[in-house]
Amino acid sequence: MSHGAMNLAGPVRVVSESYYPEAFLGIYQRPAEARAMFEARGWNTVAALQLRNPMHNAHAYLARIAMEVCDGIYVHQLIGKLKAGDIPADVRVKAIAVLMNKYFRKERVIQGGYPMEMRYAGPREALLHAVFRQNYGCSHLIVGRDHAGVGDTYGPYDAQKIFHEIPPGALLLKPLPLDWAFYCYECGGMASMKTCPHDSQAVIDDQGNYKGGARLMLSGTLLRKLLSEGKPVPKEFSKPEVMTVLREYYDKPRTKPEVQHPGTARN
């Protein structure tokens, strides 16, 4: 019988699920539960959207692209602890829910939570995310620019390239590689590096007003920085319902964490 150079065996231990099932009741699903939900909806192809931020317009844009080619979207956010300055999981859950409830077809999207912390390990973490989502029954994983990256540690598309470097058949799940998304004032809507012909960067004043230029890069890190400093946020960043949830969080005295410079960590 064909086998690899090493075989491992031993006792199977059940790892504690900790506080997650109770704290995130309604969005915390085990793999078998998620698969059952997909089957009940008749989904044969499911794209997972990995999130550690609230779902702003760039995320929603990528999700809608995936919805055009898959039966449904599994918005599978990490609900474990993140680095200092990140928005807590319960706030992210609420912000994502208000967007999904109003701006997505309910029969085509499911919100889920995964009990894991970000490793910021770039391409290798993208593979880890893919294995997890395959276990949950997803057929695709949205892999955007600098997936699970931090600073300039990895190339912007290394997390997409690594899927071509693993042995054929190592994963049943397929990557859905998508480019950097942003709002373009010249195009008049969301666009990406592949679709937008305008190269200039948008200029926004201290009052959140548009002053010129085209591309407004929608970074979750930049959004957190503006909110933590009490600065206005351009309306193109996210839907008003999402901003209301985030404003409520940042208006509380205890929620004034130090936020890293935009670009230090990405989804």
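Every number in this text was worked out from the coordinates using simple rules, so none of it is lab data. Computed from a predicted structure; not experimentally measured. With ideal geometry, Cβ positions are generated from the backbone for all residues, glycine too; neighbour counts draw on all protein chains shown.
Observations on the model:
- Separation between Cα centres of region 151-217 and region 13-33, rounded to whole Å: 32 Å
- For region 148-158, 3J(HN,Hα) per residue [Karplus equation, 6.51 cos²θ - 1.76 cosθ + 1.60, θ = phi - 60°, Hz, x = Gly/Pro]: 6, x, 8, x, 10, 4, 10, x, x, 10, 4
- Gain on full extension, evaluated as 0.36 nm per residue between Val14 and Glu107 minus their Cα-Cα distance, stands at 30.2 nm.
- Around Met190: net Lys/Arg minus Asp/Glu count, Cβ-Cβ under 15 Å: +2
- Cα-derived Rg to Rh of region 20-178, Kirkwood definition: 0.93
- Within the shell of other residues whose beta carbon sits under 13 angstrom from the beta carbon of Arg105, the net charge comes to +2, with Lys and Arg scored +1 and Asp and Glu -1.
- Across every direction, the projection of the convex hull enclosing the Cα atoms of region 191-250 has a mean area of 4.4 nm².
- Full-extension gain in nm, Met67 to Ser200, via 0.36 nm per residue minus C-alpha separation: 44.9 nm
- Computed lengthening from Thr153 to Ile166, 0.36 nm per intervening residue step minus Cα-Cα distance: 2.6 nm
- Other residues with beta-carbon under 13 Å from the beta-carbon of Arg35 carry, at +1 per Lys or Arg and -1 per Asp or Glu, a net charge of +1.
- Pairs of lysine residues in region 1-120 - Cα separation under 20 Å, sequence separation of 8 or more or cross-chain: 4
- Computed FRET value (nearest 0.05) for Glu229 with Val131, which takes r as the C-beta separation and R₀ as 41 Å: 0.60
- Loop trypsin sites (Lys or Arg not before Pro), region 161-258 (other Cβ atoms within 10 Å of the site Cβ: 16 or fewer; DSSP): Lys194, Lys235, Arg254
- Out of every Cα-Cα pair that the chain contains, those further apart than 35 angstrom amount to 16 percent.
- The smallest convex shape that holds all Cα atoms of region 91-161, its convex hull, gives 117 Å³ per residue.
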